[in-house]
Structures are given as structure tokens and as C-alpha cells.
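For reference, the structure is listed below as C-alpha cells.
Values quoted throughout were computed directly from the atomic coordinates according to the rules given, and no laboratory measurement underlies them. What you see is a predicted model, and the numbers here were worked out from it, not measured in a lab. Note that we place each Cβ from the backbone using ideal geometry, even for glycine, and neighbour counts take in every protein chain shown.
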Amino acid sequence: MTPNNRKEIKFKKYIKLQRWFDLPKSKRVDWKFPIVASTSITGFHNAYKVEPPCVTTWRSWALWEVLRVNEKCRPLNTSLWVKNYKGNDPKFVYYQLKTMNLAQHNTWAGVPTLNRNHLDEIDISLPPLPTQQRIANILSTYDDLIENNTRRIKILEEQAQLIYKEWFVKFQFPWHEGIKMVDSGTEFGEIPEGWEVKKVWDVLQTIKRKPKVPKSKYLEKWNIPVIDQSRTEIAWYIDDEKYLQEDYLPIVVFGDHTRILKYINFPFASGADWTQLLYPNDKKLLPVYFYMALKNIDLKNELYARHFKFLKEEYIIRPSDLLLEKYNNISISMFDEILNLQKQNQNLKETRDMLIPKLVSGEVEV
């Protein structure tokens with residue numbers, strides 16, 4: 001036994017990692033069970049393979065990701081999931097894996113790949129189960145607060161989207177009674193008189209882009225977040241201000257290959273050439289409205305994953321200035337609250353990540 005009643009065991013006696021089979025998009029049936037890849041949840045399916053909690057780490061592509069999904073899920077071939085916790089607390093295992101710097105066990109020179117067999121002889125310092133549970137409970141408090149804020153963020157964005165659909169899709173906006181409807185000559189059919197239908201391309205202006213951030217510069221924490229087309233949330237940071245994109249904020253970001261759409265109202269750096277930065281050329285048509293208009297387009301169309309040029313040919317509605325101003329005032333206040341919640345989450349994550357190695361290693365006793 002080591003101090004604090006810890007014991008040293010080999011990784012192969014600690015947990016068992018398992019890889020799963022791939023699930024091609026053509027065979028997915030969109031329903032309620034998360035599909036877990038190496039970096040994040042990438043979709044949903046009508047069948048699951050793993051009971052919760054589902055703790056996964058990367059098998060290929062992502063060099064430091066460890067995820068926990070608290071519901072039935074389907075891990076993909078790019079991830080490894082914990083098949084057997086061998087009597088250890090699942091939450092503690094999740095936090096322990098986050099401290100292990102698994103990137104050092106990359107076995108391929110090209111695509112980063114983790115060979116689970118190479119982990120077997122790693123020494124693990126393991127506290128007794130009650131201590132594992134106390135550590136997990138402390139750290140879970142931060143994750144619970146983060147999750148609660150994330151739910152509030154989702155609700156606020158859904159509210160903004162609901163108002164958009166009510167006003168600009170169903171045309172049930174304030175003072176809509178008695179408004180004359182005219183043929184738009186597009187798929188939108190009849191629209192209120194005085195409104196316009198424009199192509200996405202026609203409302204965009206060219207933005208001076210800062211250079212993209214090489215992945216070699218990615219950090220797990222620092223002061224400048226990296227917006228990458230492969231992620232819905234911020235996962236990486238940099239410390240070099242030459243990449244900082246702080247003009248034209250807020251701005252809409254679109255992933256050319258992933259079709260991930262984001263509304264960004266804080267300085268950031270761009271992580272890929274195919275991350276499109278979109279800003280309207282109409283002073284009344286603010287990014288928050290433009291973001292909602294793009295979200296109303298069915299981005300599941302595979303064409304949009306091939307090249308942004310296909311999305312640029314889609315149409316959006318340009319309503320009256322008065323209604324635009326009213327919607328902007330409502331939705332901007334919602335997105336300001338979202339930004340506050342995002343900042344809270346970042347502070348919580350930084351505190352949690354500072355505590356994880358101290359508690360898991362026993363440097364700080366519980």
C-alpha cells in the first residue's frame with residue numbers, strides 16, 4: 001500500500017477498454033441514442049450498445065479526448081469505451097483517464113491512434129473505492145453545474161429559434177393581421193408585402209481572415225479559444241494573438257464538411273480553412289437573425305457537407321426593418337445571457353481541471 005491507503009496496480013487490472021464497430025451514416029436511423037465518436041457526440045441512432053455511464057476515450061484522431069455520456073449510447077470505431085470497471089467507481093475512472101496524457105501512447109505517425117494493448121503495463125495509483133467516490137462527487141459538482149448551464153443555453157437558443165419560426169416562417173408576428181401577402185416567386189410561396197427573399201450569397205460580405213491555427217499549436221487551456229468546424233463546443237485554445245479574429249463580432253461560423261453552425265460573440269481563432277466566417281452586408285440584418293435564418297435551412301442535405309457553395313445558393317427571408325429591429329432586440333438579449341453562461345462554464349471547467357490531477361493523484365486529500 002502507498003500513502004493514503006493507495007495501491008499500485010497495472011492498467012490491465014484497473015479497467016478493460018473495448019473498441020466498437022463503425023456505423024455508416026447510410027445505416028443510421030435518427031432517434032434518441034447518442035453516437036459517440038473520438039471527440040464528441042456526432043449524431044443519434046435507434047439502437048444502443050452501452051449502458052450508462054458510457055466512458056470513452058479516443059482510438060484515433062483525437063489526442064486527448066475523454067468523454068462521459070450519462071445515457072445509453074453507441075460508441076463508434078474511432079473511440080474506445082470502458083467495458084469493465086472492475087469494481088472501480090465509473091466517475092472516478094473518467095476523471096482518472098483525463099489525467100493520463102494518453103496522447104503519449106500514440107502509435108501511428110499519420111492519423112493519431114491509441115493501441116489499448118500498449119496501456120496494459122502502465123502503473124495506476126488507485127485509492128480505495130470510498131475515496132474514489134468522494135473524489136468523484138467533488139468533481140461531479142462542477143460537471144453538474146456545467147451541465148445545468150448547458151441546458152439553460154440550449155433552452156435560450158430554442159426560444160430564439162421558436163420566435164423566429166413563429167414570425168418568419170408561420171408569419172404570426174406582431175401586427176400581422178391584415179398584412180397583404182404577395183407571391184415571392186420562390187419556395188417560400190407568399191410572403192408579407194414589402195419583405196424580400198434573398199440568396200445567402202447576396203447578403204454576405206468578404207471578411208479579412210486571420211491565418212488558421214495549425215493543430216500543433218492547440219492547447220488544452222489558455223486565453224484564446226479555437227473555433228473548429230469539427231466541434232460544437234470549444235475544445236482547444238492557443239496563446240498566440242496573431243491568430244486572433246476579433247473584427248466583425250458577433251459572427252456566424254459554418255463548418256464546410258460537418259455542417260456545424262455556430263453564433264460567436266467573443267474573440268476567437270479559426271482552426272481550419274474550411275471553417276466559413278459569415279457576416280451580413282446588410283446593417284439591419286444582424287448576425288443573430290442571419291444565424292437563425294441559416295438554422296432554418298435543412299442542413300442535413302449532404303450537398304452542404306461537400307462545399308459551402310451549395311449553401312450559398314439557398315434563400316433566406318429579409319423582413320421589414322421594424323420587425324427585424326424587434327427580433328434583434330429580443331434575441332440579442334438571449335444570446336448575451338448565453339455568453340454569460342458560457343463564461344461561467346469556462347470558469348467552472350478551469351477550476352475543475354485544476355482540481356482533477358490534485359485529487360486523483362492524492363496530492364489533495366479528501
**OP:** With everything on Cα atoms, drop me the angle between helix 321-361 and the longest principal axis of the chain, reported from 0 to 90° to the nearest 10.
**Re:** 10
Original post:
Counting Lys and Arg as +1 and Asp and Glu as -1, each charge on the Cβ, what is the dipole of the range 226-362 about the Cα centre in debye, to the nearest 20?
Top reply: 340
**OP:** Please report, in debye to the nearest 20, how large the charge dipole of the chain is about its Cα centre when each Lys and Arg carries +1 at its beta carbon and each Asp and Glu carries -1 there.
**Re:** 1440
**OP:** Rank 75, 155, 224 by how far each Cα sits towards the positive end of the charge dipole of the chain (+1 on Lys, Arg Cβ; -1 on Asp, Glu Cβ) and give me just the farthest.
**Re:** 75
Subject >> Residue among 31, 55, 43 farthest towards the positive dipole end of the chain, charges placed on Cβ >> reply: 55
**OP:** Just add up the charged neighbours of residue 31: K/R +1, D/E -1, any other residue whose Cβ is under 12 Å from the Cβ of residue 31.
**Re:** +3
Original post:
For helix 129-168, what angle does its Cα long axis make with the longest principal axis of the chain, in degrees from 0 to 90 and rounded to 10?
Top reply: 10
**OP:** Would you mind calculating the gained length between residue 22 and residue 365 on full extension (0.36 nm times residue separation, minus the Cα-Cα distance), in nm to one decimal?
**Re:** 119.3 nm
**OP:** Report, in cubic angstrom per residue, the convex hull volume of the C-alpha atoms of the range 218-366.
**Re:** 137
Original post:
So in the chain, what percent of DSSP beta bridges are antiparallel if you round to the nearest 5?
Top reply: 90
Original post:
Not counting the cut sites, what is the longest span of the chain without GluC sites (Glu not before Pro) that DSSP labels loop and that have at most 15 other Cβ atoms within 10 Å?
Top reply: 1-70
**OP:** Quick one: pull the percentage of alpha-carbon pairs in the range 73-199 with a separation above 18 Å.
**Re:** 73
Original post:
In a Debye calculation with equal point scatterers on the alpha-carbon sites of the range 9-81 and no solvent, what is log10 I(q)/I(0) at q = 0.11, 0.12, 0.25 Å⁻¹?
Top reply: -0.25, -0.30, -1.14
Original post:
Based on DSSP H runs of at least 4 residues, each adding -39500 (n - 2.57), what is the mean residue ellipticity at 222 nm of the chain after dividing by all its residues, to the nearest 500 deg cm²/dmol?
Top reply: -10000 deg cm²/dmol
**OP:** Post the alpha-carbon centroid distance, the range 228-280 to the range 314-330, in whole angstrom.
**Re:** 24
Original post:
For Rg/Rh (Cα atoms, Kirkwood Rh), the choices are [x] 1.02; [y] 0.99; [z] 1.14; which was calculated from the structure?
Top reply: [x]
Original post:
Straight-line reach from residue 180: which lysines have a Cα under 18 Å away, not including same-chain ones fewer than 8 places off?
Top reply: 170
